[in-house]
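This report refers to the structure that appears directly beneath it.
Please treat every number below as a calculation from the coordinates, not as lab data. Since we're looking at a predicted model, the values are computed, not measured. Because the Cβ atoms are built from the backbone with ideal geometry, glycine has one as well, and the counts that use them run over all protein chains shown.
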Amino acid sequence: MTSPAEQLLPSTQRSLLHRIATAQAEGRSPSMTAAVQRQRRVVWDGSRTCVDGHAPDADTQFRIGSLTKTFTAVLVLRLRDEGLLDLADPLEKHVPGTSAGDVTIHQLLGHSAGLGAESPAPWWERTPGSLRPGLVDVLGDQSRMHPPGRRHHYSNPGYTLLGALVEAVRGVSWAEMLRSEILEPLGMHRTSPQAQAPHAGGWAVHPWADVLLPEPVEDLGLMAPAGQLWSTTADLLRFAAFLAEGDDRVLSAASVAEMREPAAPPEPGDWGGYYGLGLQVIRRKGRTLIGHTGSLPGFLAALWFSVEDDVAAVAFANVTSGVLIGEVAAELVEIVAESEPRIPEPWRPLPEVDAELLALTGPWYWGTRANILRLTPGRGLELQTLNGKGRGTRFTACADGTWIGLDGYYAGEILRVVRNDDGSVNHLDLGSFVFTREPYDPSAAVPGGVDADGWRGLGS
């Protein structure tokens, strides 16, 4: 339960309930449940059902399908951070003997390995994993659809290979590593490979009549790392909080942020989002949403969070199709973010200031382009164009007195202060670009020199 101080406005709560009620009715799902988190606190949960008195709640498990892939990606990155593998490693280095041994771990994580989208028939989501006892049965004879690294092509067998990878490197099963290294540290005690009561049943609804058919629930075997898990809205909101800011018990903030970076060019025409390392990223109404969607016969699931708004939403339905679950979860985030915008933290001055750094702030010119350098916490710097358009980057301080770019055009580039013999600043060097205090300052080391006659008018 949320405390009164944490609750949303009644009008916002009604809008959220209306959205899932509409989705349940129009999508003809036997039930739906959803929850919203703001500033890492659950502020709303709700459900709708066709059976009076049997509405699911925040503790009811639903199958989450491909949301499982995000968990598998976290396991791989844990191994990378421990130095046990490199994302540039070919799969063959750790899992020999497959037809995909030359593809890299990074390509598998970002679905750019060129592998097929599905395993060979029969349909793996509706048949027992025992029909695919080995990786050769998962990959089949036609495993390559595209040259590795060229484009994004979603691949369930690719994440099966990643499951085999973590087992080979860690020496325990995928399920055991998941439990001990993600679920237990994050307190996700209602997330599991097999259903645990209370849980929803999965249903198919006839496209032209309001009648139901139960969907089979299969153990996916080797395909489990691609879509096996069951979870609850409460557990997935805990996972959303982790994905937003990291948790050193599981994965650092820097590695979690790396998961959001584009892993491969998007498919042609799909410029509204991209895939990172086990995470989907979409742009809607000027807002960036990060998360994943999932489906298995009888179940639909989605998790989205907005870092800027500090709002996350999870939505589940126990129907094979009919509900645009990703749209529903995204709209729940938008309802809260737009109805009750995040109140910014109070401005506070820096706890201390370095006079030498303070002297670097203010205007700097790259040729004739005016830029502003600002001081940020932790001896960081931020460079922006004066008009706010064009190249801008945040920099973090390095131990050797330089700064490294964190984002934008200059991400990874080194910023250095170049001084005169007397210690005064001559210019800033940013990846070989010279920034001076005046446009083409004649006293600075401007490449190509500065005309001795200086600036002039048209008639000069």
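Could you pull out the trypsin sites (Lys or Arg not before Pro) across the range 236-322 that fall in loop regions by DSSP (anything but H, G, I, E, B) with no more than 12 other Cβ atoms inside 10 Å? Intermediate results must be reported in sequence, preceding the final value.
Details: sites: 238, 249, 260, 283, 284, 285, 287; in loops: 249, 260, 285.
Filter output for the range 236-322: 249, 285.
Length gained on full extension, residue 39 to residue 184: 50.0 nm, using 0.36 nm per residue less the C-alpha separation. The value obtained for the range 157-237, namely the Cα convex hull volume divided by the number of residues, is 125 Å³ per residue. Answer with one residue from 116, 315, 175: the one whose Cα lies farthest towards the positive end of the charge dipole of the chain, charges on Cβ with Lys, Arg +1 and Asp, Glu -1. Of the options given, the answer is 315. In sequence order, the range 312-320 has phi-based couplings of 10, 9, 10, 9, 10, 9, 9, 8, 5 Hz under the Karplus curve 6.51 cos²θ - 1.76 cosθ + 1.60, θ = phi - 60°, and Gly or Pro positions carry x.
Partners of residue 285 within straight-line reach, counting aspartates and glutamates whose Cα lies under 14 Å from its Cα and excluding those fewer than 8 residues away in the same chain: 308, 309, 327, 331, 334, 338. Loop only by DSSP, 10 or fewer other Cβ within 10 Å of the Cβ. Give me the GluC sites (Glu not before Pro) in the range 62-160 that pass, ordered by residue number. Answer by residue number: 82. Taking the number of Cβ atoms within 10 Å of each Cβ as an exposure proxy, the fewest-first ranking of 281, 336 is 281, 336. Over the range 276-334, all Cα pairs binned in 10 Å intervals from 0 give whole-percent P(r) values of 25, 52, 21, 2, listed from short to long. Counting only residues at least eight positions apart within a chain, or on another chain, the lysines with an alpha carbon under 23 Å from that of residue 69 are 93.
Taking chymotrypsin sites (Phe, Trp or Tyr not before Pro) across the range 189-253, the ones in a DSSP loop with at most 12 further Cβ atoms lying within 10 angstrom of their Cβ are 208.
The 3J(HN,Hα) values that the Karplus relation (6.51, -1.76, 1.60; θ = phi - 60°) gives for the range 33-49 are, in residue order, 9, 7, 8, 10, 10, 10, 6, 6, 10, 5, 10, 6, 8, x, 7, 9, 8 Hz. Gly and Pro appear as x.
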